[in-house]
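Trainee: Once you've had a glance at the structure underneath, I'll fire off some questions.
Every number here is computed from the coordinates shown, using simple stated rules; none is lab data. Worth saying up front: this structure is predicted, and the values here are computed from it rather than measured. Note that we place each Cβ from the backbone using ideal geometry, even for glycine, and neighbour counts take in every protein chain shown.
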Amino acid sequence: MEQSHSLREFIYIDNVEINSVLAQLNGGLETVMTKTNSLEESFSDNFHDGGEISGSGSLGTALLAKGEAGMSLNSSKDSGSENAQGKETSKQTVYNDYSVEVLEKHLKENMLLKTLNDELRYGDIIKLNENFDLIDFKSLKTVSEKDIMKKIMSYADTSETQGIAKLQKDINILQKQVKGNQVLKEKLNGYKYTLKKLTKEQEENEKNIEAIHILAEFGSHSFNNTILLSGETFISYAKNENFRMNSSQLGMLMNNPRKGIIIGVIENKFSNNGIDLQENFEAKDIGKIGSFLTTTLLQNFNLAQSDSYMIKPLAIYFE
């Protein structure tokens, strides 16, 4: 009977943090350095051989006189260098992925990989399997610009916009016809009520867009070079450079029905307890202002729940 294998789709790996943990558990992942060094030596020999071939043979003197041999040698060396770099990058990617498996294996062997069912402490490494949303504040700031949204809405032929325009036109017509007609008067009042309701909804939508932009603008400064992960039981600040996907590709993960695997270090717990900037604020609390404002932002937009774990991610993947 064939054994089925589940392929992992890695979207985030923090190599520095993983290697740090592995160094403490097992002296590091030596196979990465060994294989990489062997690869560099192999391609270094290829560079030398390429140079010998380009400048050899009966035409060697003539080629050197014209300077063509040097050009051929440089071309061969550059090609070999690019090839070596490409091979090394590919190999390094493979071993980076493998390092996550090694990390999980050693953490389990040492009973250091926790789950929500365990008694948890700050500093523990936890493995979660749940749905999560990604918030890229920098991208959100760009798309929620007021002028951009106005232009987009001007091209959008929505039923709401059409409804308001039609109602306004009908009201203008009825106002000329109503005079003493009670039936038309009641109809006119109904139209005015509906128009007022639709206009209010439109204004609220514009305020919501403005609020989203304020959130994005503040978030882009508070979470610089960071993408926020908001899960059922956790929030996590992930470094942009450790993602395997760019901002546009990460957008495809929104409303993703798959549960993701998150391995990370528990740094704190999200709490609604803050400082009152008007009543209880003291000079010693000045260092807490940034944290207070960030907490308020996350709480008001339901991006974090009370007692959510605040996790520094080591790896994130789907399987």
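Trainee: Modelling each spin label as a point 7 Å along the Cα-to-Cβ direction, I'd like the residue 165/residue 211 distance in nm, to one decimal.
Mentor: 2.9
Trainee: Find the centroid of the Cα atoms in the range 216-252 and in the range 111-155, then give the distance between the two in whole Å.
Mentor: So the two Cα centres are separated by 6 Å.
Trainee: Quick check: residue separation of residue 246 and residue 6 times 0.36 nm, minus the Cα distance between them. What number comes out in nm?
Mentor: 84.0 nm
Trainee: So for the pair residue 172, residue 300, with labels modelled 7 Å out along Cα→Cβ, what separation do we get in nm?
Mentor: Simple spin-label model gives 3.9 nm for this pair.
Trainee: Still on this structure, please answer the following. Which of the three applies to the range 176-269, rounded, prolate or oblate, going by the alpha-carbon gyration tensor with a ≥ b ≥ c and a/c under 1.5 meaning rounded?
Mentor: Since a/c reaches 1.5 and a/b is larger than b/c, the shape of the range 176-269 is classed as prolate.
Trainee: With respect to the cross-link table entries 259/312; 207/239; 207/312; 141/169; 166/200; 166/197, which display a Cα-Cα separation exceeding 25 Å?
Mentor: Over 25 Å apart, Cα to Cα: 207/239; 207/312; 141/169.
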